[in-house]
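See below for the structure under consideration.
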Amino acid sequence: MDFKFTDGQQMLRDVAAQFAENELEPIAAELDLEHRFPRESFEKMVAAGYAGIGVPREYGGSGGGDIEKVIVVEEFAKKCMASSSIISIHLITPHLINKFGTEDQKKKFLPRITSGGGLAAFALTEPGAGTDAGAARTTAILDPETNEYVLNGTKCFISGGGQAEVLTIFALTDPTKGLKGMSAILVEKGTPGFSIGKIEDKMGIAGSETAELIFEDCRVPAENLVGKEGQGFKIAMMALDGARIGAAAQALGIAEGAIDLSVKYMHERVQFGKPIAALQGLQWYIADMATKTEAAKWLVYCSAYRHDAGLPYTKEAAMAKMNAAENARFVTNLALQIHGGYGYMKDYPLERMYRDAKITEIYEGTSEVHKVVIARAVLG
Ligand SMILES: Cc1cc2nc3c(=O)[nH]c(=O)nc-3n(C[C@H](O)[C@H](O)[C@H](O)COP(=O)(O)OP(=O)(O)OC[C@H]3O[C@@H](n4cnc5c(N)ncnc54)[C@H](O)[C@@H]3O)c2cc1C
């Protein structure tokens, strides 16, 4: 056993923490109020190499693995959950192309979305197919004459969908086969027949734009198929296993950020003639918050370690995500409570963090579906 980060990982954490403090924290409240996608800070993330973490350098990536991804996503979430969500979800598509794509796809798409400034999106959910992804209705039927897939259907709740240059779309290439007829297809922004529908007005992570995608006879070259026809569901589930580690890192980071703010406030705020840090009731809150967050941290890093070591990690990723998400809600709630009435006001970041934390129990699989995955793994 070795619980130490390498020097390189520690350096990455220091630099990412500095980036989050300088670039993300100052705009976090503004993004929330204005519901604005932070294009300028995404460009800075690209310039710093964060958009290519986990992708080999030969394709424009920054190298590293899931531990490096978790470090960055965690540090960003301490200061701005929306920005953390943006980078975490962006990374799903380059990782998927790197794992399942052809050499041509890697050369064509990866440099564009790792170091080229293009955002990526992952589109599985549909109005009638959320947890039950197998109920998807979007089709991609091959036209043998032009060797193009013709996409028809609607995806909903897609993070960054309206901003993305490259999108992974899951669609039925053989609608008669249900899940076994689902395939993963790369679609580029601006492809005729592809348009952006409703932009959602959300409870939290307002800077992470959430869009509806509409496909009407949208023609995509057959060479954009990732993997083989019919492998889409398997690819989606494997991609989501990795994405869950990212969502878990978001939940971990926001909890740590809320604890940092609470500790500072407890030393500063004076009631009954002394700092509220002297009140045992609040000390017990902090003890619970810190202990549960430390436990969440090791489950998150354990799943990232298993991913990078090539060990099975589906169960661990589900546990890490479910646990860290529950903890993020628990911790942000108590952190707001510690701040009293000020925590409820928009002048302080706690009410935003409380709202932002909630998403981690919903996207990349709900907590309920993680219990299904965990129980299946445990019961055999
Ligand atoms: C802000 C935001 C961003 C998102 N970004 C993306 C994205 O980038 N790409 C993408 O593809 N999707 C995205 N999603 C969709 C997200 O993954 C789904 O919302 C989620 O999977 C749940 O699906 P649903 O909303 O249809 O809920 P439903 O599946 O309808 O679930 C409703 C309730 O039933 C429960 N439930 C469902 N099935 C079971 C079961 N088998 N056992 C026990 N309980 C169950 C759920 O846990 C939930 O409590 C995003 C969602 C949000 C809110």
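Just to confirm a number: summing +1 for Lys and Arg and -1 for Asp and Glu over residues other than Thr102 whose beta-carbon lies under 13 angstrom from that of Thr102, what do you get?
That works out to +2.
Apply 1/(1 + (r/R0)^6) to the Cβ-Cβ distance of Lys274 and Leu311, taking R0 = 45 Å, and write down the FRET efficiency to the nearest 0.05.
Computed FRET efficiency for Lys274 and Leu311 comes out at 0.35.
Return the tail of the calculated pair distribution for the stretch 300-346, meaning the percent of Cα-Cα pairs more than 16 Å apart.
So the pairs more than 16 Å apart make up 53 percent of the total in the stretch 300-346.
Taking all pairs of distinct Cα atoms, average 1/r, flip it, and tell me the Kirkwood hydrodynamic radius of the stretch 183-329 in Å to one decimal place.
Roughly 18.9 Å, rounded to one decimal.
What translational diffusion coefficient, in µm²/s and rounded to a whole number, does the Stokes-Einstein relation yield for the stretch 120-233 at 10 °C and a viscosity of 1.306 mPa s, taking the hydrodynamic radius as the Kirkwood radius over Cα pairs?
114
Around Lys198, which amide H atoms from residues at least 5 apart in sequence, or from another chain, sit under 5 Å from its own amide H, with H modelled in the peptide plane?
Distant-sequence amide H within range of Lys198: Glu212.
Within 10 Å, count the other beta carbons around each residue, average over each peptide in 238-249, 211-222, and list them highest first.
Highest mean packing first, the order is 238-249, 211-222.
Counting Lys +1, Arg +1, Asp -1, Glu -1, what net charge surrounds Gly117 among other residues with beta carbon under 15 Å of its beta carbon?
So the surrounding residues net to 0.
All other residues with a Cβ under 14 Å from the Cβ of Ala140 taken together, and with Lys, Arg as +1 and Asp, Glu as -1, what is their net charge?
Residues close to Ala140 contribute a combined charge of -3.
Beta carbons within 10 angstrom, averaged per residue: use that to sort the peptides 197-208, 359-370, highest first.
Highest to lowest by the protection proxy: 359-370, 197-208.
Sorted from largest down, give the three principal axis spans of the alpha carbons of the stretch 7-114, whole angstrom values.
Each principal axis gives a Cα extent; for the stretch 7-114 these are 42, 34, 18 Å.
Taking the Cα centre of the chain as origin, sum charge times position over the Cβ atoms of Lys and Arg (+1) and Asp and Glu (-1), and report the length of that vector in debye to the nearest 20.
That gives a dipole near 720 debye.
Calculate for the chain the 222 nm mean residue ellipticity that helices alone would give, adding -39,500 (n - 2.57) per DSSP H run of length 4 or more and normalising by residue count, nearest 500 deg cm²/dmol.
After summing the helix terms and dividing by residue count, I get -16500 deg cm²/dmol.
Quick one: which of 280-286, 226-232 comes out on top by average Cβ neighbours within 10 Å, and what's the full order, highest first?
226-232, 280-286
I'd like the distance separating the alpha-carbon centroids of the stretch 294-351 and the stretch 57-114, in whole Å.
Taking the Cα centre of the stretch 57-114 as reference, the centre of the stretch 294-351 is 21 Å away.
How high is the relative contact order of the stretch 7-114, in percent, counting Cα pairs under 8 Å that sit 6 or more residues apart?
Contact order relative to length: 30 percent.
Between Thr146 and Val263, how high is the FRET efficiency from 1/(1 + (r/R0)^6) when r is the Cβ-Cβ distance and R₀ = 56 Å? Nearest 0.05.
0.35
Express the Stokes-Einstein translational diffusion coefficient of the chain in µm² s⁻¹, to the nearest whole number, given a Kirkwood radius over alpha-carbon pairs, 10 °C and a viscosity of 1.306 mPa s.
75
Which residues' amide hydrogens lie under 5 Å from the amide hydrogen of Arg137, considering only partners 5 or more residues apart or on another chain, with H built in the peptide plane?
none
Which of these, Glu30, Glu209, Glu145, has the largest mean-square fluctuation under a Gaussian network model of the chain (Cα springs below 10 Å)?
Maximum among the listed residues: Glu145.
Each value in this text was obtained by applying a stated rule to the coordinates, not by laboratory testing. These numbers come from a predicted model, not from an experiment. Here Cβ is always computed from backbone atoms with ideal geometry, including for glycine, and neighbour counts include all displayed protein chains.
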